[in-house]
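**Q** Got a structure here, written out as C-alpha coordinates. Questions coming.
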Amino acid sequence: MTLLALETSCDETSAAVVRDGKILSNVVSSQIKLHAEYGGVVPELAAREHLKNLLPVAQSALSEAGISPSALDAVAATQGPGLAIALLVGFKAAQAFAFALNKPFIGINHHEAHLYSPWIGQFEKFQPNLSLIVSGGHTMLVLVESELKHRVLGGTIDDAAGECFDKTGKLMGLAYPAGPVIDKLAEQGNPTAYDFPRPLLHDANDDFSFSGLKTSVRYFIRDNPALLDDDKKIRDLCASVQAAIVEVLVKKTIRSAKRNGVRCITASGGVTCNSGLRRELERACQKNGLTLRLAEKNLCTDNAAMIGILAGRKLLANVPPPAFDEEIKPGWALV
Ligand code: KG4
Ligand code: ZN
(Lines give C-alpha, C1' and ligand atoms only; values in the text may rest on other atoms or scores of the structure.)
(Ligands and ions follow the chains in the order given, each with its own letter.)
Protein backbone atom coordinates (compact mmCIF):
# COMPACT_ATOMS: atom_id res chain seq x y z
CA MET A 1 0.00 0.00 0.00
CA THR A 2 1.48 3.34 -1.12
CA LEU A 3 0.47 6.66 0.42
CA LEU A 4 1.26 10.31 -0.13
CA ALA A 5 1.11 12.36 3.09
CA LEU A 6 1.14 16.11 3.61
CA GLU A 7 1.88 18.05 6.79
CA THR A 8 1.39 21.83 7.15
CA SER A 9 0.20 22.27 10.74
CA CYS A 10 2.82 24.84 11.72
CA ASP A 11 6.00 26.10 10.06
CA GLU A 12 7.20 23.03 8.18
CA THR A 13 5.90 22.22 4.72
CA SER A 14 6.35 18.49 4.34
CA ALA A 15 5.37 15.72 1.94
CA ALA A 16 6.24 12.05 2.17
CA VAL A 17 5.64 8.84 0.30
CA VAL A 18 5.39 5.69 2.41
CA ARG A 19 4.85 2.14 1.26
CA ASP A 20 3.96 -0.81 3.50
CA GLY A 21 5.30 0.94 6.60
CA LYS A 22 8.54 2.09 4.95
CA ILE A 23 9.47 5.69 4.22
CA LEU A 24 10.30 6.11 0.53
CA SER A 25 10.74 9.88 0.79
CA ASN A 26 10.23 12.54 3.44
CA VAL A 27 10.79 16.07 2.16
CA VAL A 28 10.66 18.90 4.73
CA SER A 29 10.90 22.56 3.83
CA SER A 30 11.42 24.55 7.02
CA GLN A 31 10.28 28.15 7.45
CA ILE A 32 12.44 28.79 10.51
CA LYS A 33 14.41 31.63 8.88
CA LEU A 34 11.20 33.37 7.78
CA HIS A 35 9.80 33.51 11.32
CA ALA A 36 13.09 34.06 13.16
CA GLU A 37 12.90 37.86 13.05
CA TYR A 38 9.49 37.73 14.79
CA GLY A 39 10.72 35.33 17.48
CA GLY A 40 7.85 32.93 16.76
CA VAL A 41 5.59 31.56 14.02
CA VAL A 42 3.37 34.17 12.28
CA PRO A 43 0.30 32.19 11.08
CA GLU A 44 -0.44 34.17 7.91
CA LEU A 45 3.20 34.09 6.78
CA ALA A 46 3.27 30.35 7.47
CA ALA A 47 0.16 29.76 5.36
CA ARG A 48 1.45 31.84 2.45
CA GLU A 49 4.75 29.98 2.55
CA HIS A 50 2.93 26.62 2.57
CA LEU A 51 0.93 27.77 -0.47
CA LYS A 52 4.15 28.61 -2.28
CA ASN A 53 6.07 25.47 -1.35
CA LEU A 54 3.55 22.67 -1.04
CA LEU A 55 3.35 21.52 -4.65
CA PRO A 56 7.13 21.62 -5.28
CA VAL A 57 7.65 19.73 -2.01
CA ALA A 58 5.00 17.14 -2.98
CA GLN A 59 6.58 16.80 -6.41
CA SER A 60 10.01 16.23 -4.86
CA ALA A 61 8.58 13.61 -2.51
CA LEU A 62 6.98 11.73 -5.41
CA SER A 63 10.04 11.90 -7.65
CA GLU A 64 12.46 10.97 -4.84
CA ALA A 65 10.26 7.93 -4.16
CA GLY A 66 10.02 7.16 -7.88
CA ILE A 67 6.24 7.05 -7.61
CA SER A 68 3.73 8.52 -10.04
CA PRO A 69 0.42 9.84 -8.61
CA SER A 70 -1.50 7.05 -10.32
CA ALA A 71 0.42 4.49 -8.21
CA LEU A 72 -0.93 5.95 -4.94
CA ASP A 73 -3.47 3.92 -2.96
CA ALA A 74 -4.44 6.71 -0.57
CA VAL A 75 -3.64 10.27 0.45
CA ALA A 76 -3.26 11.50 4.03
CA ALA A 77 -2.82 14.87 5.70
CA THR A 78 -2.66 16.44 9.14
CA GLN A 79 -6.20 17.39 10.14
CA GLY A 80 -5.25 19.03 13.46
CA PRO A 81 -4.24 20.34 15.87
CA GLY A 82 -2.36 23.30 14.46
CA LEU A 83 -2.68 26.80 13.04
CA ALA A 84 -6.00 26.88 11.15
CA ILE A 85 -4.84 28.71 8.03
CA ALA A 86 -1.67 26.63 7.86
CA LEU A 87 -3.55 23.34 8.27
CA LEU A 88 -6.01 24.31 5.54
CA VAL A 89 -3.31 24.38 2.88
CA GLY A 90 -2.10 20.79 3.23
CA PHE A 91 -5.47 19.35 4.21
CA LYS A 92 -7.38 20.75 1.24
CA ALA A 93 -4.59 19.92 -1.20
CA ALA A 94 -4.52 16.31 0.04
CA GLN A 95 -8.31 16.01 -0.20
CA ALA A 96 -8.17 17.37 -3.74
CA PHE A 97 -5.43 14.87 -4.69
CA ALA A 98 -7.49 12.01 -3.27
CA PHE A 99 -10.62 13.29 -5.00
CA ALA A 100 -8.85 13.57 -8.37
CA LEU A 101 -7.31 10.12 -8.00
CA ASN A 102 -10.53 8.60 -6.64
CA LYS A 103 -8.62 7.17 -3.67
CA PRO A 104 -9.34 7.23 0.08
CA PHE A 105 -8.36 10.31 2.07
CA ILE A 106 -7.22 10.00 5.70
CA GLY A 107 -7.08 12.95 8.11
CA ILE A 108 -4.58 12.41 10.91
CA ASN A 109 -4.15 13.87 14.39
CA HIS A 110 -0.66 15.37 14.46
CA HIS A 111 0.01 14.25 18.04
CA GLU A 112 -1.18 10.73 17.39
CA ALA A 113 1.37 10.65 14.56
CA HIS A 114 4.13 11.80 16.95
CA LEU A 115 2.98 9.09 19.36
CA TYR A 116 3.74 6.27 16.92
CA SER A 117 6.84 7.80 15.31
CA PRO A 118 9.25 5.89 17.62
CA TRP A 119 7.93 2.62 16.09
CA ILE A 120 8.42 3.53 12.44
CA GLY A 121 10.03 0.60 10.65
CA GLN A 122 9.64 -1.62 13.75
CA PHE A 123 5.94 -1.96 14.48
CA GLU A 124 6.46 -5.71 14.86
CA LYS A 125 8.26 -4.91 18.14
CA PHE A 126 5.37 -2.80 19.43
CA GLN A 127 4.62 -3.12 23.13
CA PRO A 128 2.43 -1.15 25.55
CA ASN A 129 4.27 2.01 26.51
CA LEU A 130 4.28 5.29 28.28
CA SER A 131 4.94 7.98 25.72
CA LEU A 132 6.38 11.45 26.25
CA ILE A 133 5.47 13.95 23.52
CA VAL A 134 7.55 17.12 23.85
CA SER A 135 7.41 19.86 21.27
CA GLY A 136 7.20 23.62 20.96
CA GLY A 137 3.48 23.67 21.71
CA HIS A 138 2.89 20.54 23.77
CA THR A 139 4.25 18.43 26.58
CA MET A 140 2.24 15.35 27.41
CA LEU A 141 2.36 11.88 28.85
CA VAL A 142 0.27 9.30 27.06
CA LEU A 143 -0.40 5.70 28.02
CA VAL A 144 -0.45 3.58 24.86
CA GLU A 145 -2.20 0.37 25.90
CA SER A 146 -2.11 -1.23 22.46
CA GLU A 147 -1.63 -0.01 18.90
CA LEU A 148 -4.14 2.78 18.12
CA LYS A 149 -5.46 2.67 21.70
CA HIS A 150 -4.15 5.38 23.97
CA ARG A 151 -5.09 7.65 26.87
CA VAL A 152 -3.59 11.04 27.70
CA LEU A 153 -2.53 11.02 31.35
CA GLY A 154 -1.31 14.57 31.72
CA GLY A 155 0.12 17.59 30.03
CA THR A 156 1.44 21.05 30.57
CA ILE A 157 -0.77 23.49 32.45
CA ASP A 158 1.06 26.48 30.94
CA ASP A 159 4.20 26.59 28.76
CA ALA A 160 5.41 23.53 26.85
CA ALA A 161 8.99 22.31 27.31
CA GLY A 162 10.03 23.54 23.83
CA GLU A 163 8.46 26.92 24.54
CA CYS A 164 10.50 27.10 27.75
CA PHE A 165 13.70 26.36 25.80
CA ASP A 166 12.78 28.98 23.18
CA LYS A 167 11.67 31.70 25.59
CA THR A 168 14.55 31.36 28.05
CA GLY A 169 16.93 31.32 25.06
CA LYS A 170 15.36 34.54 23.82
CA LEU A 171 16.04 36.10 27.24
CA MET A 172 19.68 35.10 26.75
CA GLY A 173 19.69 36.73 23.31
CA LEU A 174 19.93 33.41 21.41
CA ALA A 175 18.48 32.90 17.93
CA TYR A 176 14.98 31.44 17.43
CA PRO A 177 14.24 28.61 17.91
CA ALA A 178 16.61 28.52 20.86
CA GLY A 179 16.11 24.85 21.79
CA PRO A 180 18.83 23.47 19.50
CA VAL A 181 21.17 26.38 20.37
CA ILE A 182 20.79 25.78 24.12
CA ASP A 183 21.41 22.08 23.49
CA LYS A 184 24.70 22.84 21.74
CA LEU A 185 25.92 25.41 24.28
CA ALA A 186 24.87 23.21 27.20
CA GLU A 187 27.24 20.46 26.04
CA GLN A 188 30.15 22.63 27.20
CA GLY A 189 28.47 24.09 30.26
CA ASN A 190 28.14 23.12 33.91
CA PRO A 191 24.58 21.92 34.65
CA THR A 192 24.99 22.57 38.39
CA ALA A 193 26.31 26.13 38.01
CA TYR A 194 22.91 27.73 38.69
CA ASP A 195 19.97 26.29 40.57
CA PHE A 196 16.58 26.69 38.88
CA PRO A 197 13.21 25.32 40.07
CA ARG A 198 11.96 21.90 38.95
CA PRO A 199 8.22 22.69 38.66
CA LEU A 200 5.72 20.00 39.73
CA LEU A 201 8.55 17.48 40.07
CA HIS A 202 7.25 16.15 43.38
CA ASP A 203 3.53 16.34 42.57
CA ALA A 204 1.93 12.92 42.24
CA ASN A 205 0.36 13.64 38.85
CA ASP A 206 1.36 13.56 35.18
CA ASP A 207 1.15 17.30 34.61
CA PHE A 208 3.93 19.73 33.77
CA SER A 209 4.44 23.46 34.24
CA PHE A 210 7.35 25.40 32.81
CA SER A 211 6.31 29.03 33.04
CA GLY A 212 7.69 29.43 36.60
CA LEU A 213 11.06 28.19 35.43
CA LYS A 214 11.01 30.72 32.59
CA THR A 215 10.14 33.52 35.06
CA SER A 216 12.93 32.49 37.39
CA VAL A 217 15.43 32.64 34.50
CA ARG A 218 14.06 36.09 33.62
CA TYR A 219 14.68 37.39 37.16
CA PHE A 220 18.07 35.71 37.32
CA ILE A 221 19.19 37.48 34.13
CA ARG A 222 17.68 40.77 35.31
CA ASP A 223 19.72 40.54 38.54
CA ASN A 224 22.91 39.36 36.79
CA PRO A 225 23.00 41.24 33.47
CA ALA A 226 26.81 41.05 33.15
CA LEU A 227 26.49 37.27 32.86
CA LEU A 228 25.41 37.62 29.23
CA ASP A 229 28.80 39.18 28.35
CA ASP A 230 30.61 36.05 29.43
CA ASP A 231 30.51 33.05 27.02
CA LYS A 232 31.37 30.53 29.72
CA LYS A 233 28.59 31.79 31.97
CA ILE A 234 26.11 31.63 29.07
CA ARG A 235 27.10 27.98 28.49
CA ASP A 236 26.65 27.30 32.23
CA LEU A 237 23.27 29.03 32.15
CA CYS A 238 22.17 26.94 29.14
CA ALA A 239 23.34 23.73 30.84
CA SER A 240 21.54 24.67 34.08
CA VAL A 241 18.24 25.53 32.37
CA GLN A 242 18.41 22.37 30.26
CA ALA A 243 19.18 20.27 33.36
CA ALA A 244 16.05 21.62 35.10
CA ILE A 245 13.77 20.90 32.12
CA VAL A 246 15.28 17.46 31.48
CA GLU A 247 15.14 16.37 35.13
CA VAL A 248 11.42 17.13 35.35
CA LEU A 249 10.65 15.40 32.04
CA VAL A 250 12.67 12.28 32.81
CA LYS A 251 11.67 11.76 36.44
CA LYS A 252 7.97 12.30 35.80
CA THR A 253 8.02 9.99 32.77
CA ILE A 254 9.74 7.16 34.65
CA ARG A 255 7.46 7.56 37.66
CA SER A 256 4.37 7.46 35.46
CA ALA A 257 5.56 4.33 33.64
CA LYS A 258 6.06 2.57 36.97
CA ARG A 259 2.69 3.74 38.29
CA ASN A 260 0.97 2.44 35.16
CA GLY A 261 2.85 -0.84 35.10
CA VAL A 262 4.40 -0.49 31.62
CA ARG A 263 7.94 -1.64 30.83
CA CYS A 264 8.56 0.57 27.81
CA ILE A 265 9.03 4.31 27.39
CA THR A 266 8.92 6.18 24.09
CA ALA A 267 9.58 9.82 23.27
CA SER A 268 8.90 12.03 20.26
CA GLY A 269 8.43 15.67 19.25
CA GLY A 270 11.04 18.36 18.53
CA VAL A 271 12.48 18.49 22.07
CA THR A 272 13.31 14.77 21.80
CA CYS A 273 16.22 15.92 19.58
CA ASN A 274 17.79 17.32 22.77
CA SER A 275 20.95 15.40 23.57
CA GLY A 276 20.59 15.89 27.33
CA LEU A 277 17.05 14.50 27.27
CA ARG A 278 18.06 11.52 25.11
CA ARG A 279 21.04 10.76 27.37
CA GLU A 280 19.13 11.07 30.66
CA LEU A 281 16.17 9.03 29.40
CA GLU A 282 18.59 6.30 28.37
CA ARG A 283 20.34 6.38 31.74
CA ALA A 284 17.08 6.33 33.72
CA CYS A 285 15.53 3.53 31.64
CA GLN A 286 18.64 1.42 31.99
CA LYS A 287 18.68 1.96 35.77
CA ASN A 288 15.00 1.02 36.05
CA GLY A 289 15.10 -1.93 33.66
CA LEU A 290 12.79 -0.24 31.14
CA THR A 291 12.96 -0.43 27.35
CA LEU A 292 13.43 2.93 25.67
CA ARG A 293 12.43 3.82 22.12
CA LEU A 294 13.25 7.32 20.93
CA ALA A 295 11.99 8.60 17.60
CA GLU A 296 14.87 9.10 15.16
CA LYS A 297 16.00 12.73 15.23
CA ASN A 298 14.74 13.52 11.71
CA LEU A 299 11.34 12.12 12.69
CA CYS A 300 11.15 14.03 16.00
CA THR A 301 10.46 17.41 14.44
CA ASP A 302 7.38 17.91 12.26
CA ASN A 303 7.35 15.76 9.12
CA ALA A 304 4.87 14.13 6.78
CA ALA A 305 6.36 10.63 7.03
CA MET A 306 4.87 10.12 10.49
CA ILE A 307 1.48 11.22 9.12
CA GLY A 308 1.69 8.72 6.25
CA ILE A 309 2.90 5.88 8.45
CA LEU A 310 0.03 6.31 10.94
CA ALA A 311 -2.48 6.62 8.07
CA GLY A 312 -1.13 3.32 6.69
CA ARG A 313 -1.51 1.62 10.07
CA LYS A 314 -5.11 2.88 10.27
CA LEU A 315 -5.93 1.54 6.82
CA LEU A 316 -4.36 -1.79 7.78
CA ALA A 317 -6.50 -1.87 10.93
CA ASN A 318 -9.60 -1.04 8.85
CA VAL A 319 -10.26 2.23 10.64
CA PRO A 320 -12.82 3.82 8.29
CA PRO A 321 -11.47 6.91 6.49
CA PRO A 322 -13.37 10.14 7.20
CA ALA A 323 -15.98 11.47 4.79
CA PHE A 324 -14.77 13.61 1.91
CA ASP A 325 -16.34 16.75 3.34
CA GLU A 326 -14.47 16.49 6.67
CA GLU A 327 -12.83 19.74 7.74
CA ILE A 328 -9.71 20.72 9.61
CA LYS A 329 -9.73 20.48 13.41
CA PRO A 330 -7.32 23.20 14.64
CA GLY A 331 -8.06 22.44 18.32
CA TRP A 332 -8.14 18.66 18.03
CA ALA A 333 -6.77 17.53 21.39
CA LEU A 334 -5.46 14.03 21.85
CA VAL A 335 -7.50 12.35 24.60
O1 KG4 B 1 7.78 19.10 17.14
P2 KG4 B 1 8.31 20.41 16.68
O3 KG4 B 1 9.17 20.44 15.45
O4 KG4 B 1 7.16 21.43 16.40
C5 KG4 B 1 6.06 21.59 17.21
O6 KG4 B 1 5.05 20.87 16.96
O7 KG4 B 1 6.16 22.44 18.13
O8 KG4 B 1 9.12 21.06 17.92
C9 KG4 B 1 9.76 22.29 17.86
C10 KG4 B 1 10.36 22.56 19.23
C11 KG4 B 1 10.94 23.98 19.36
O12 KG4 B 1 10.51 24.53 20.59
C13 KG4 B 1 12.45 23.74 19.38
O14 KG4 B 1 13.17 24.70 20.11
C15 KG4 B 1 12.51 22.38 20.05
O16 KG4 B 1 11.44 21.65 19.48
N17 KG4 B 1 13.79 21.69 19.76
C18 KG4 B 1 14.72 21.45 20.71
C19 KG4 B 1 15.80 20.82 20.06
N20 KG4 B 1 15.49 20.69 18.73
C21 KG4 B 1 14.24 21.23 18.58
N22 KG4 B 1 14.72 21.71 22.03
C23 KG4 B 1 15.81 21.36 22.71
N24 KG4 B 1 16.90 20.76 22.17
C25 KG4 B 1 16.93 20.47 20.85
N26 KG4 B 1 17.99 19.87 20.31
ZN1 ZN C 1 4.79 18.40 16.17
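The values are calculated or read from the model by the stated rules, or taken from the named source; none is laboratory data. Please read all numbers here as calculations on a predicted model, not as lab measurements. So basically every Cβ, Gly included, is an ideal-geometry build from the backbone, and we count neighbours across all protein chains shown. Ligands, DNA and RNA are stripped out before the accessible areas are found, and what is left, the full protein with its side chains, is counted by its heavy atoms. Shrake-Rupley method; radii C 1.70, N 1.55, O 1.52, S 1.80 Å.
**Q** Highest mean first, what order results for 131-138, 207-214, 195-202, 53-60 on Cβ atoms within 10 Å?
**A** On the way: 131-138: 25.9, 207-214: 20.5, 195-202: 16.1, 53-60: 18.0.
Descending packing order for the listed peptides: 131-138, 207-214, 53-60, 195-202.
**Q** Report the charge-dipole magnitude of region 125-294 in Debye, nearest 20, computed about the Cα centre from +1 at each Lys and Arg Cβ and -1 at each Asp and Glu Cβ. The partial results should precede the final answer.
**A** On the way: 24 positive and 20 negative charges, 122 e Å.
With only Lys, Arg, Asp and Glu charged at Cβ, the dipole is about 580 debye.
**Q** If you split all Cα-Cα distances of the chain into 20 Å bins from zero, what percentages do you get per bin, shortest first?
**A** The calculated distribution, bin by bin, is 32, 56, 12, 0.
**Q** Summing -39500 (n - 2.57) over the DSSP H runs of n ≥ 4 in the chain and dividing by its residue number, what mean residue ellipticity at 222 nm do you reach, to the nearest 500 deg cm²/dmol?
**A** On the way: 11 runs with 145 residues, N = 335.
One gets -14000 deg cm²/dmol as the mean residue ellipticity at 222 nm.
**Q** Residue by residue through region 16-23, what is 3J(HN,Hα) from phi via Karplus (6.51 cos²θ - 1.76 cosθ + 1.60, θ = phi - 60°)? Round to whole Hz and write x for glycine and proline.
**A** 9, 10, 10, 9, 6, x, 10, 8
**Q** Over the chain, give the accessible area per residue in Å² for a 1.4 Å probe, as an integer.
**A** Details: 14350 Å² over 335 residues.
Value returned for the chain: 43 Å² of accessible area per residue.
**Q** Magnitude of the Cβ-charge dipole of the chain, K/R +1 and D/E -1, about the Cα centre, nearest 20 debye? Each step should come with its number before you reach the end.
**A** Details: 35 positive and 36 negative charges, 159 e Å.
My answer is approximately 760 debye.
**Q** For region 125-294, what is the convex hull (Cα atoms) projected area averaged across all directions, in square nanometres?
**A** Working: hull surface 37.2 nm².
Convex hull of Cα atoms, orientation-averaged projection: 9.3 nm².
**Q** Still on this structure, please answer the following. Just tell me which lysines come within less than 25 Å, Cα to Cα, of LYS314; anything on the same chain fewer than 8 places away is out.
**A** Output for LYS314: LYS22, LYS92, LYS103, LYS125, LYS149, LYS297, LYS329.
**Q** Next question. Got a sec? What order do TYR194, TYR38 fall in by accessible area at 1.4 Å, biggest, i.e. largest, first? Intermediate results must be reported in sequence, preceding the final value.
**A** Values: TYR194 45, TYR38 125 Å².
Descending order: TYR38, TYR194.
**Q** So, in nm, how far is label LEU34 from label ALA226 when the simple model puts each one 7 Å beyond its Cα toward the Cβ?
**A** Modelled inter-label distance: 4.4 nm.
**Q** Rounded to whole Hz and in sequence order, give me ³J(HN,Hα) for region 172-183 from the Karplus expression 6.51 cos²θ - 1.76 cosθ + 1.60, θ = phi - 60°, writing x for Gly and Pro.
**A** Ordered by residue, 3J(HN,Hα) equals 8, x, 7, 5, 8, x, 7, x, x, 5, 4, 3 Hz.
**Q** Let me ask something additional. Of ILE234, TYR116, PHE220, whose Cα points farthest to the positive end of the dipole of the chain (charges on the beta-carbon: +1 Lys, Arg; -1 Asp, Glu; origin at the Cα centre)?
**A** Highest projection toward the positive end goes to TYR116.
**Q** Let me ask something additional. Starting with the highest mean, order 221-230, 147-156, 246-255 by the number of other Cβ atoms within 10 Å, averaged over the residues of each peptide. Working shown, then result.
**A** On the way: 221-230: 11.1, 147-156: 16.1, 246-255: 21.3.
So the order, starting with the most tightly packed, is 246-255, 147-156, 221-230.
**Q** Show me, for region 313-321, the HN-Hα J-couplings you get by feeding each phi into the Karplus relation (A = 6.51, B = -1.76, C = 1.60, θ = phi - 60°), rounded to Hz, glycine and proline as x.
**A** 5, 5, 4, 4, 8, 6, 6, x, x
**Q** Cut-off 10 angstrom, C-alpha nodes, Gaussian network model of the chain. Which of SER216, SER70, SER14 fluctuates the most?
**A** SER70
**Q** Oh, and also: What distance in nm separates the simple spin-label points at GLN127 and ALA193, each placed 7 Å from Cα in the Cβ direction?
**A** Using points 7 Å along Cα→Cβ, the separation is 4.0 nm.
**Q** Please compute the modelled spin-label separation between SER60 and ALA100, points set 7 Å along Cα→Cβ, answer in nm with one decimal.
**A** 2.0
**Q** How much of the accessible area of the chain, in percent, comes from carbon and sulfur atoms when a 1.4 Å probe is used? Don't jump to the answer; show the numbers that get you there.
**A** Details: 7640 of 14350 Å².
Roughly 53 percent, rounded to a whole number.
**Q** What's the FRET efficiency of LEU51 with MET1 using the Cβ-Cβ distance as r and R₀ = 30 Å, to the nearest 0.05?
**A** Working: r = 29 Å, r/R0 = 0.97.
The calculated FRET efficiency here is 0.55.
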